[in-house]
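Undergrad: Sending over a structure as structure tokens; questions will come in a sec.
The values are calculated or read from the model by the stated rules, or taken from the named source; none is laboratory data. Bear in mind that the values here come from a model prediction, so they are computed numbers and not experimental data. All Cβ positions, glycine included, derive from the backbone under ideal geometry; neighbour counts span all protein chains shown.
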Amino acid sequence: MSDKMNEDVMQAEKRQAWWILGMNTFAFTVCFAAWMLNGVLITFFVDNGIHSWGPSEMGWLIGIPVLTGAIFRLPLGIATDKYGGRIVFGLLLLFSAIPMFLVSYCNSYWEFFAAGLGFGFAGTGFAIGIAYTSVWFPKHQQGTALGIFGAGNAGAALTSLGAPQVLNWLTDNGQNLEGWRHLPKIYAAMLVITGVLYLLTTTKRLPPGSATKTLLERLQPLKSMRVWRFGLYYFFVFGGFVALAQWLVPYYVNAYATTVALAGALAACNSLPSGVIRAAGGWMSDVFGARTVMYWVLGTSLACCVLLIVPQMDIRSRGSGVMAKAAGRIVGVTEGEIVVEAKTGQQRMYELKLKEGVLVTAEEREKGLLVLPRSMSWQESVVDVGQEVKKKELLARGVTQIFFQANIWVFTVLSLILGAVMGIGMAAVYKHIPDYFPADVGVVGGIVGVLGGLGGFICPVIFGYLLKSTGLWTSCWMFLAILVTVCLAWMHIVIQRMLRAKAPDLAHQIE
């Protein structure tokens, strides 16, 4: 009888754990959708001439909610360890609804700035949910559970994909632009409903021994360099993901001349897989190990960023020319040949390569379906009849023209792959935390989340300034490529050092 009762209690405990996981994931999805609203809304304003903000101003407005969500992840992670996720997450949802509602009354740059700081608190939901989820699952299931929770990142895709469609409906396809003011009210209502439901259906639970810890004791893990290394990884996989979830909408509109609605749909190709596949990333981290997964994540990310760096190009450059094989005087110049007469009276003829046809037709440019670059070369005379030339002097310069369209669909596929591996990487980073810091998931997860959130804030601002200084939309991929290279190098150096310390013979064999 006792065994049956114990089994029933364990089954009830498992059901409760999965219910909490489901509510945490749902709440995080709503928070993330609200957190990402400015990416669509600010682009809509600029695209429709409601506000004339430049790239750097757009970068700040898109990034400012992310700043709030980053900075306050640590204190709310600590609060979750102390008071429990139920009360902290529930109150967060209700509080975030207030500044979200006030967005509908904003008119100036600084009003949007202030409102963004307010509803940016929704971004702290991740640190709360991570800490609250981890206390309900045993160690061998935490990677999977945290990966499922992290699937709430799909909220970014819901905003990228759905918000432009809702804006079109609210504004009668641009006929009544003031209709945009209803969108923040809809998001505020979603936050309130989720908050009330969350408080009514979840249960309080704290990490073992958490209630008696002092603040200094809670902050002790932050002395470990390992925490900050995990934070750098998360700066890329999460911060880069958040930045791209917002930046890709104006990217598509400007670089590929799409509508805001189509840009939102294509941007969702980056953010939706990242959210959905994060659950798989947690499972992969449990099965194969988080370090192995991170090698694949960072390596694949680097390859994608390098390929995405190449912008649409129409280049005219110097090619292979024609040089005089002997000194003499030019006696004939035509489109296809140059004739040089030596002092002995002997004439030498040099054939020129002619320009044939058009490299890219206007129709091909308009359709935008070219995948591989095209090139053509020809030669043009640089001498005149009667001119004296020396041996090896240039008679005709070579001209090479290259056209690369940076096909929008190839771009989208690479973006999709990058978003997917970022999602796997998020789960892999957070798999490390309960392994190394089982009693301090809230604090460590909070600071790692802070650094990741700062990435989401800083990256759009950097993207804006890079765009302003270079004029290239692909400059954002250059920055991300450098960032992921640093992450990969640091991780490899640390792992090699650990291997040498614990298994020097094996390390020597591998090298």
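Undergrad: Val385 passes all but one of (1) farther than 21 Å from Arg318 by Cα; (2) touching a strand residue (DSSP E or B) at 6+ places or on another chain (Cβ under 6 Å); (3) buried (at least 17 other Cβ atoms within 10 Å of the Cβ); which number fails?
TA: Unmet for Val385, out of (1) farther than 21 Å from Arg318 by Cα; (2) touching a strand residue (DSSP E or B) at 6+ places or on another chain (Cβ under 6 Å); (3) buried (at least 17 other Cβ atoms within 10 Å of the Cβ): (3).
Undergrad: Moving to a separate point now. Quick check: is even one residue across the stretch 99-118 part of a helix (DSSP H, G or I), in contact (Cβ under 8 Å) with a residue 60 or more places away in the chain and more than 23 Å from Trp60 (Cβ to Cβ)?
TA: No, the stretch 99-118 contains no residue that is part of a helix (DSSP H, G or I), in contact (Cβ under 8 Å) with a residue 60 or more places away in the chain and more than 23 Å from Trp60 (Cβ to Cβ).
Undergrad: Working only within the stretch 89-105, note down all residues that are surrounded by fewer than 24 Cβ atoms within 10 Å (Cβ to Cβ) and over 30 Å from Phe45 (Cβ atoms).
TA: Within the stretch 89-105, Gly90, Leu91 meet the criteria.
Undergrad: Say whether the condition of being closer than 15 Å to Gln379 by Cβ and more than 55 Å from the chain's Cα centre (by Cα) is met by at least one residue in the stretch 343-354. Outline the logic, then answer.
TA: In the first step, residues of the stretch 343-354 are kept if they are closer than 15 Å to Gln379 by Cβ; the result is 349-354.
Now restrict to residues that are more than 55 Å from the chain's Cα centre (by Cα): 349.
Yes, the stretch 343-354 contains at least one residue that is closer than 15 Å to Gln379 by Cβ and more than 55 Å from the chain's Cα centre (by Cα).
Undergrad: Of (1) in the same structural domain as Val450 (by TED's automatic domain parsing); (2) over 19 Å from the mean Cα position of the chain (by Cα), Lys325 satisfies all except one. Which?
TA: (1)
Undergrad: So, one more: State all residues of the stretch 396-413 that are surrounded by 15 or more Cβ atoms within 10 Å (Cβ to Cβ) and modelled with pLDDT under 90; if no residue qualifies, say none.
TA: Answer for the stretch 396-413, where residues must be surrounded by 15 or more Cβ atoms within 10 Å (Cβ to Cβ) and modelled with pLDDT under 90: Gln401, Ile402, Phe403, Phe404, Gln405, Ala406, Asn407, Ile408, Val410, Phe411, Thr412.
Undergrad: Evaluate the following for Ser96: is it assigned by TED's automatic domain parsing to the domain that holds Gly174, part of a helix (DSSP H, G or I), in contact with a Phe, Trp or Tyr (Cβ under 6 Å, 6 or more places away or on another chain) and over 22 Å from Phe463 (Cα atoms)?
TA: Numbers: assigned by TED's automatic domain parsing to the domain that holds Gly174: yes; part of a helix (DSSP H, G or I): yes; in contact with a Phe, Trp or Tyr (Cβ under 6 Å, 6 or more places away or on another chain): yes; over 22 Å from Phe463 (Cα atoms): yes.
Criteria met by Ser96.
Undergrad: At pLDDT 85 or above and either within 26 Å of Ile495 (Cα to Cα) or touching a strand residue (DSSP E or B) at 6+ places or on another chain (Cβ under 7 Å) (or both), is that true of Gly282? Talk me through it step by step, then tell me what you get.
TA: Values: at pLDDT 85 or above: no; either within 26 Å of Ile495 (Cα to Cα) or touching a strand residue (DSSP E or B) at 6+ places or on another chain (Cβ under 7 Å) (or both): yes.
No; evaluated as a whole, the condition is false for this residue.
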